[in-house]
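The values are calculated or read from the model by the stated rules, or taken from the named source; none is laboratory data. These numbers come from a predicted model, not from an experiment. Cβ atoms come from the backbone with ideal geometry, glycine included; neighbour counts cover every protein chain shown. The protein model used for the area step is the full one, side chains on, heavy atoms only, and it has no ligands, DNA or RNA in it. Shrake-Rupley method; radii C 1.70, N 1.55, O 1.52, S 1.80 Å.
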Amino acid sequence: MPLADYMAECLHDPEFGYYATRDPLGRQGDFITAPEVSQMFGELLGLWMAQVWMDQGSPEAVLAELGPGRGTLMSDVLRATRGVPGFHDAIEVHLVEASPVLRAVQAGAVPGAVFHDSIADLPEAPLFLIANEFFDALPIRQFQMSDAGDWQERQIGSDGERLIWGLAPPAPLSVSDEYAPGMIVETCVPGEAIAQEIGRRVSEHGGAALIVDYGDVESAGDTFQALKGHAFSDPLETPGEADLTAHVAFGPLARAAAPARAHGPVGQGLFLERLGITARAQALARGLSGAALEDHIAAHRRLTHPDEMGTLFKVMALTPEGAPVPPALE
Ligand code: SAH
């Protein structure tokens, strides 16, 4: 089967799928995300969102999140924006989540949120949308250039005992001609479809999207990876038991979202610094001492430092053409 089908089955099979059967986040789980590292992440994203909402005339709007995990990010966004005049009265919170297990956790963290299976089901209204580590979980396809210069799709099959990689017969693929035999290019068809849908809604009704994920501007070869118990593992070894992801290529998402305008991507560290994370970190540090203070300092570093999440993770915004440039992304 093509890699995309393998990813979709491993992650979402109703009986054995990774997300369908567990809460993978946190120290006991397989990975930790920025909102789980520190409340500062959600607070600053929330204030960013509220500023963009005000810049667009404070409309009645949908505040949505794609793949909200434990609901921590949305909960921090809502807490941080409580003091923004009119914001909470003007918004309705909608969450797009595939996993029944995580939906239950999110319902506890974000009371009153409306759930959807797909972004297509959101109400047609101004849309203020957040997606952190969502696009990396969407199924990718991989194509490898043969010695003859043809593109062959990478597939997964079985030798009777274990899962193995294989190649489909050559097929046409339109990508730039900077590739040489042996090189791999990745595409994310569902990611582009979602970006297109966001772009359409934001362009028609107003609003903005803030997309945060690890990745690069364009596809950078083979980035398919499996994570289990905070360590990399073989993605074919334990189907349904490991988190499968790929780096996000922001360029294709930006192009799919046209005519909405893309801002960035910029590194997460730079983005958070521009939004004032250091001042916020210092304010929070005043109430802390001992191990709690050490943890807080480590969390600040983890979110922003180039050796940690600061440059690998990137932030891109989508806004309607002609809307003011959003904070921290000029
Ligand atoms: N944003 C959260 C969680 C990231 S993990 C955080 O930052 O902590 C990825 C999230 O996306 C999970 O909630 C997972 O269940 C959800 N998800 C993955 N694929 C999805 C899909 N196709 N549709 C909806 N939700 C999906």
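The table below gives the values:
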quantity	calculated
Semi-axis lengths (Å, descending) of the ellipsoid that matches the C-alpha gyration tensor of the chain	33, 23, 20
Scaled radius of gyration (Cα, divided by 2.2 N^0.38 Å) that region 53-180 gives	1.54
Relative contact order computed over region 219-313 (Cα-Cα under 8 Å; 6+ residues apart), in percent	22 percent
In nm, spacing of pseudo-spin labels at ALA298 and ASP147 (7 Å Cα→C-beta vector)	5.1 nm
Relative contact order [Cα under 8 Å, 6+ residues apart], region 173-269, whole percent	35 percent
Carbon + sulfur, % of accessible area of the chain - ligands and nucleic acids excluded, 1.4 Å	52 percent
Efficiency of FRET between ASP159 and THR311 - r from beta-carbon atoms, R0 35 angstrom, step 0.05	0.30
Angle between the chain longest axis and helix 189-205 axis [Cα atoms, degrees, rounded to 10]	30 degrees
Linear extension gain, VAL189 paired with VAL217, 0.36 nm per residue minus alpha-carbon span	8.5 nm
Alpha-carbon centroid distance for the pair region 201-278 / region 310-329, whole angstrom	13 Å
Helical contribution to [θ] at 222 nm, DSSP H n ≥ 4, -39,500 (n - 2.57), averaged over the chain, rounded to 500	-10000 deg cm²/dmol
Mean separation of Cα contacts under 8 Å (6+ apart) over length of region 141-187, as relative contact order %	46 percent
Between helix 290-304 and the chain: long-axis angle, C-alpha atoms, 0 to 90°, nearest 10	60 degrees
Ordering of 24-35, 135-146 by burial proxy (mean other Cβ atoms within 10 Å per residue, highest first)	135-146, 24-35
Probe 1.4 Å, protein heavy atoms only - accessible area per residue of the chain in square angstrom	44 Å²
Point-to-point label distance, GLU204-LEU236, nm (Cα→Cβ direction, 7 Å offset)	4.3 nm
For the chain, size of Cβ-based charge dipole, Lys and Arg +1, Asp and Glu -1, in debye	1160 debye
